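Colleague: Mind having a look at this structure? Questions to follow.
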Ligand SMILES: [Mn+2]
C-alpha cells in the first residue's frame, strides 16, 4: 500500500482583530475579505483602494531601476541614428510577450507606416528551443551581425550572458538587458543591465516578470520623450 506523506499546514499568524475590524468598517467589507487583505499587508483603506483599483499613474518610477538612464539613452541613440535593432526574448510565455510588447510599441516610432515586417528596423528573435536552448546563444549574436544590427534588446534573459555579450562587443554590437533572474557573481558587459534582482538595484518590487522589466524600459522611454504610454492614453508624465 502506498504511503501518502502527510501535509503539514502552517497558518499565517492571525492579523490584529482591531485592524481587520477597522478596515472592514471603513470600506464595508466582509470580515473574511478584510482579514485576507490585512494578512497580505494591506491595512489601510487607501492601500485597499490602490489594490482593487490599480492605476498606471501610481506605478513606481522606472528611474529607480539601476542603469535605466543608460538603457534609455542607448535606445534613443539607436532610434535616432537609424540603427537596426534585434529584440530577443526567451521562447516561453514571459519571453514572447516581452518581445511582442517592445516591438508593438516601438515599431510605429521606428518604421514608416507602410514598411513590410521583414524590412522593419526592429526584428524579433526567439531562440530555437532544441538547437539553442534558453537564453542568449552565440548563434543569436552571429545572426544579429549578419543582419547589421547595432543594438540587441534582450528580454527575460541575459543577466548571466557574460561571454555572449563580450563576444557581441567584439563585433561592435551593444546589448541592453531586461531580465528578472538572479544575477551571477559577474554582470555581463552590456550598456545597461536592468534587473530588479540586482543587489544594487533600488526598484521597490523585485518580483517583476521579464515582460514587466521591458515595460519599465518603455515607461522610462515614454517619460523621457513625453510620449503616451499607450496610443489611447494621456502622456505618462501627466
Ligand atoms: Mn521570465
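Colleague: If you fit an axis through the alpha-carbon atoms of helix 93-110 and take the longest principal axis of the Cα set of the chain, what angle between them do you get, 0 to 90°, nearest 10?
Modeller: On a 0 to 90 degree scale, this one is about 60.
Colleague: Translational D (Stokes-Einstein, µm²/s) of segment 44-93 at 10 °C and 1.306 mPa s when Rh comes from the Kirkwood sum over C-alpha pairs?
Modeller: Approximately 110 µm²/s, per Stokes-Einstein.
Colleague: Could you compute Rg(Cα) / (2.2 N^0.38 Å) for segment 38-124, with N its residue count?
Modeller: Normalised Rg, Cα atoms only: 1.51.
Colleague: If you don't mind, there's one more thing I want to ask. Ranked from highest to lowest mean number of other Cβ atoms within 10 Å per residue, what is the order of the peptides 187-200, 35-48, 153-166?
Modeller: 153-166, 187-200, 35-48
Colleague: Another question, then. For the chain, what does the relative contact order come out to in percent, with C-alpha contacts under 8 Å and a separation of six or more?
Modeller: Working: 376 pairs, mean separation 45.4, N = 238.
Computed over the chain, the figure is 19 percent.
Colleague: Right, here's the next one. Working from the pairwise distances between different alpha carbons, so that the mean of 1/r is found and then inverted, what is the chain's Kirkwood radius in Å?
Modeller: Working: mean 1/r = 0.0497 Å⁻¹.
About 20.1 Å for the chain.
Colleague: Per-residue ellipticity at 222 nm for the chain, helices alone: DSSP H runs ≥ 4 residues times -39500 (n - 2.57), over residue total, nearest 500 deg cm²/dmol?
Modeller: Using -39500 (n - 2.57) per qualifying helix, the result is -12000 deg cm²/dmol.
Each value in this text was obtained by applying a stated rule to the coordinates, not by laboratory testing. Worth saying up front: this structure is predicted, and the values here are computed from it rather than measured. Positions of Cβ are backbone-derived with ideal geometry, glycine not excepted, and every protein chain shown enters the neighbour counts.
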